[in-house]
Amino acid sequence: MILPIYLLGQPVLRKEAEEVPADFPEIKTLIADMFETLTQADGCGLAAPQIGKSLRMFIVDGTCLADDYPECANFKQAFINPEILEESEETISYSEGCLSLPGISENVVRPVKIKIHYLDENFCEHEEWLDGFASRIFQHEYDHIEGHVFTDRVSPIRRQLISGKLQSIVKGKTTARYKCKRNA
Ligand code: NI
C-alpha cells in the first residue's frame, strides 16, 4: 500500500522517535508498504516519521545508485532501532535531497564512515561499518528518527538563501509528484 509522505511542517518530523518494541505488530507489512511508497516516489531512503509513525526505523534502497556508488549494490534493507556507535574523523560533502522537502538539494558535510548497530526485519542484531554513499544514506535517515532534517545541517548562509522554499513547504504551498501530507 502506498502511504502519503509527510512534508516538513508536520510535527512528527520534529519528534525524537520511539524504540520499536520486539512484539511490534505487522512490522513486515509496514516495511513492505514503506518500500512500495519509496519506490513510487523514486527515493533512496524513507524513515518511519516520514509516513507519520514516530518509530525508530527506516528503510534504504541505494541499488539504483550502484553504477556510481558500488557500495550501494546490495544496500536495500530495513534498519530497526539503529544506533551509530562510531564515526570516522574524515568528513565529506555530498548533495542531499529529501522526499519530505521536495525541490531542495543542498550540500551536507558528514563523516565518511560509521560503525552501526541495528536489528533487521527479523529482529536479528547486526554490527557493521558503512562507507561511501551507503553511510551517507544511513546518516540522513538516522537524522529523521532524531527529529532532524538535512537542511538543519547546512550553513546559516545557505539556510537563509533557502528559507523561502522551506517556508513554502511548511505552509503547505509546495506540491510533490507523489502522494503527500502537508499543511492545508
Ligand atoms: Ni529525508
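The values are calculated or read from the model by the stated rules, or taken from the named source; none is laboratory data. Treat the numbers as computed from the prediction; the structure is a model and nothing was measured. Counting neighbours? That spans all protein chains shown, and the Cβs are built from the backbone with ideal geometry, glycine included. The area values use the complete protein model at the heavy-atom level, side chains included, leaving out ligands, DNA and RNA. Shrake-Rupley method; radii C 1.70, N 1.55, O 1.52, S 1.80 Å.
Of note:
- Scanning region 100-153 for residues being at positive phi, open to solvent by less than 10 Å² (accessible area, probe 1.4 Å) and either touching a strand residue (DSSP E or B) at 6+ places or on another chain (Cβ under 8 Å) or β-branched (V, I, T) (or both) gives a total of 0.
- Test: D68 is within 16 Å of the ligand (Cβ to nearest atom), of a type outside the set (A, V, I, L, M), open to solvent by 70 Å² or more (accessible area, probe 1.4 Å) and within 22 Å of F133 (Cβ to Cβ): no
- Qualifying positions in region 94-106 - in contact with a Lys or Arg (Cβ under 8 Å, 6 or more places away or on another chain) and not in a loop (DSSP other than H, G, I, E, B): Y94, E96, E106
- Count - residues of region 162-184 that are among the hydrophobic types (A, V, I, L, M, F, W, C) and outside any helix (DSSP H, G or I): 4
- Any chance E89 is part of a loop (DSSP other than H, G, I, E, B), away from the ligand (no atom under 16 Å from the Cβ) and touching a helix residue (DSSP H, G or I) at 6+ places or on another chain (Cβ under 6 Å): no
- Pairs linking a residue in region 124-148 that is closer than 15 Å to L8 by Cα to a residue that is of a type in the set (D, E) and surrounded by fewer than 20 Cβ atoms within 10 Å (Cβ to Cβ), with Cβ atoms under 7 Å and 6 or more positions apart or on different chains, are E146/E16; G147/E16.
- Single residue of region 43-64 satisfying the filter (part of a loop (DSSP other than H, G, I, E, B) and without any contact (Cβ under 8 Å) to a residue 60 or more places away in the chain) that is surrounded by the fewest Cβ atoms within 10 Å (Cβ to Cβ): S54
- Only one of R159, R153, R182 that is more than 16 Å from G43 (Cβ to Cβ), in contact with a helix residue (DSSP H, G or I) (Cβ under 9 Å, 6 or more places away or on another chain), among the basic types (K, R) and without any contact (Cβ under 8 Å) to a residue 40 or more places away in the chain: R159
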